[in-house]
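Worksheet for the structure shown next.
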Amino acid sequence: MRKPGRQRVTLAAVVALLFVVLCGVSFNFMNSVQNSLWENSVKNMLESTVRGADQLERGYLKELEMLRMLAEDLGGGESSNADRIRSKLEIFLSNTGNFSSLIFEDGTGYVDNGLAVVLTPEELKRLRTLPGESGLLFPYRNRGTERRTFTIFTSVRFSDGRRGYLFKGYNVETLYAEYALSFYNNTGFSYVIASDGNIAMRSVHLASNKTFSNLFDLISQSENNPDVVESFRNSLKNGKIGIAVFSNRHEEFVFCYVPMPEMDGWYIVSIVPNVEIMREANSIIQKTLF
């Protein structure tokens, strides 16, 4: 027959063992739930970014189609009919963008208020290197508005054989404000970038970096794995959608990136501090444990 003291020691050992097992199970449970909540939160963030990209892309295609319709209308007349051209520009383009114009291949043309213009040598060089018959230009500082301008264009061929281009520009800050994304009580924000990482539309969010011009300048740091950075770079080059986690100044950020194939392969990249995502997950776990 066992002595009471020995029984108490055995019982204490069993209780201790059960406690250790319970702690292990609880830890695994919390870790599993935390990962699941994180993945679900990031999935929702990615879906919001997809919707934002789709909205911006559809807006671009709609504006480009309207510009093409005007080009077809103008092409039914002669390039020497200045009154007709000015009237069409004023009716179709005035007050619809920040800057609209028709420019002939020799660098002369008209803006939407009817004034005649002549391109500078730099602008004429840009005209002669346009990427195709229609599309968009990477934002540049417009000399008429002195603001960064997002511009769409399409070619026009008049009945007399003369060729020109229609341009319609938008203030980048105004356009971004219309399509800007926000996450986690405005702790997250988004950029619009080209596939090489150059910033096309910069976030005005207080937490966003205003000094860099290429996204890779921000993430190509010693604290980030070069292989992960290179994988991200290849994803952008190849039009892939995905999620990545990078550090900046010892703080982790979640990147959700979504391509816009119709917009020359540009991307919307949403960025949220990982701590904000984990804060929401941890709050749910604490309530569950309680």
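The values are calculated or read from the model by the stated rules, or taken from the named source; none is laboratory data. Owing to the predicted nature of the structure, the values given are computational and were not obtained by experimental measurement. Cβ sites come from the backbone with ideal geometry, for glycine too, and all protein chains shown count toward neighbours. All accessible areas refer to the heavy atoms of the entire protein, side chains included, with ligands and DNA or RNA removed. Shrake-Rupley method; radii C 1.70, N 1.55, O 1.52, S 1.80 Å.
Here are a few things to note about the model shown:
- Each of the peptides 137-147, 83-93 was scored by the mean count of other Cβ atoms within 10 Å over its residues; in descending order, highest first, they stand as 83-93, 137-147.
- Accessible area of the stretch 169-271 belonging to carbon and sulfur atoms, whole % at 1.4 Å probe: 47
- Residue by residue, the stretch 253-264 carries 3J(HN,Hα) couplings of 10, 9, 10, 10, 10, 10, x, 10, x, 6, 10, 6 Hz when phi is fed to the Karplus relation 6.51 cos²θ - 1.76 cosθ + 1.60 (θ = phi - 60°); x denotes Gly or Pro.
- Backbone N within the stretch 125-150 under 19 Å of label point (7 Å from K62 Cα along the Cβ vector): 135-136, 150
- Cα-only radius of gyration and Dmax that characterise the stretch 48-204, units Å: 16.7, 58
- E39 accessible area, 1.4 Å probe, all protein chains in place, Å² to nearest 10: 110
- Between the listed residues V111, G132, G144, the Cα displaced farthest toward the positive end of the dipole of the stretch 102-173, a dipole computed from Cβ unit charges relative to the Cα centre, is found at G132.
- Peptides 101-114, 263-276, ordered by how many other C-beta atoms sit within 10 Å of their residues on average, highest first, read 263-276, 101-114.
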